[in-house]
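S.K.: First, the structure itself, so that you have it in front of you.
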Amino acid sequence: MQFLRRAYQQLADLIHELSKFGVVGGIAFVIDTGGFNLLHYGLHWGPLISKVVATVVAATFSYLGNRYWTFGHREQSGFAREYFLFFLLNGIALLFGLLCIGFTSYTLGLTDPLSTNIANLVGIGLGTLFRFWSYKKWVFLAATEDVPRELSGEVTRAR
């Protein structure tokens, strides 16, 4: 019975975090795609530089929203460490978007707004999956008492 209670609580906690992550991500998505389209189609910047600038602005918003709202209940391991890891992981996630946009624009030669925005959405989707997993694993750590044995340095024995 205690196992079911613990499993239910873990699922409820995950859904709660995912919901908050989704709200922050939704706003960051609007900043990212809106900024990308404004820079690329409004100011006629190149597609890759437009993506980089829009993502940096969206990531800054996302860091603040995730640190202080989504994962605010988690242990804080220092602003410098979290900020560095957050932007390093966002840089990796940005590569998904750049590869999708670059492939669509430069390899396939599809530069129309629909094709470019579909490529952008695919890149954002892949990057979002990577970011949620990596933030939980390396940036916004669980409280000390909830750290799995593998991460706490304890050796587990086969049962």
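The values are calculated or read from the model by the stated rules, or taken from the named source; none is laboratory data. Everything quoted here is computed from the prediction, not taken from an experiment. Virtual Cβ from ideal backbone geometry, glycine too; neighbours counted across all protein chains shown.
S.K.: How many residues does the range 30-46 contain that are within 18 Å of Gly91 (Cβ to Cβ) and either within 16 Å of the chain's Cα centre (by Cα) or in contact (Cβ under 8 Å) with a residue 24 or more places away in the chain (or both)?
M.R.: 3
S.K.: Report, by residue number, each residue of the range 2-22 that is closer than 30 Å to Ala54 by Cβ and free of Cβ contacts under 8 Å to residues at least 12 places away in the same chain.
M.R.: Residues satisfying the conditions are Leu14, Ile15, His16, Ser19, Gly22.
S.K.: Here is a follow-up. Quick check on the range 59-73. Is at least one of its residues farther than 18 Å from Arg131 by Cβ and not aliphatic (A, V, I, L, M)?
M.R.: yes
S.K.: Also, I was wondering about something else. Taking the conditions exactly as written (more than 23 Å from Leu64 (Cα to Cα) and either among the hydrophobic types (A, V, I, L, M, F, W, C) or modelled with pLDDT of 90 or more (or both)), does Leu43 satisfy them or not?
M.R.: Considered against the rule, which asks whether it is more than 23 Å from Leu64 (Cα to Cα) and either among the hydrophobic types (A, V, I, L, M, F, W, C) or modelled with pLDDT of 90 or more (or both), Leu43 comes out as yes.
S.K.: Residues in the range 11-21: is at least one farther than 30 Å from Phe103 by Cβ, in a loop (DSSP other than H, G, I, E, B) and among the polar types (S, T, N, Q)?
M.R.: no
S.K.: Only one of Trp45, Trp69 is aromatic (Phe, Trp, Tyr) and outside any helix (DSSP H, G or I); which?
M.R.: Trp45
S.K.: If you take the residues of the range 87-122 that are closer than 21 Å to Gly22 by Cβ and in contact (Cβ under 8 Å) with a residue 60 or more places away in the chain, which of them is farthest from the chain's Cα centre (by Cα)?
M.R.: Asn117
S.K.: Restricting attention to the range 85-94, does a residue exist that is over 15 Å from Arg131 (Cβ atoms) and of a type outside the set (Lys, Arg)?
M.R.: Checking the range 85-94: not a single residue is over 15 Å from Arg131 (Cβ atoms) and of a type outside the set (Lys, Arg).
S.K.: Sort out which residues of the range 48-86 are of a type in the set (Phe, Trp, Tyr), closer than 30 Å to Ile101 by Cα and either without any contact (Cβ under 8 Å) to a residue 12 or more places away in the chain or surrounded by 15 or more Cβ atoms within 10 Å (Cβ to Cβ) (or both), and write them in order of number.
M.R.: Phe61, Tyr63, Phe84, Phe86 - these are the residues of the range 48-86 that are of a type in the set (Phe, Trp, Tyr), closer than 30 Å to Ile101 by Cα and either without any contact (Cβ under 8 Å) to a residue 12 or more places away in the chain or surrounded by 15 or more Cβ atoms within 10 Å (Cβ to Cβ) (or both).
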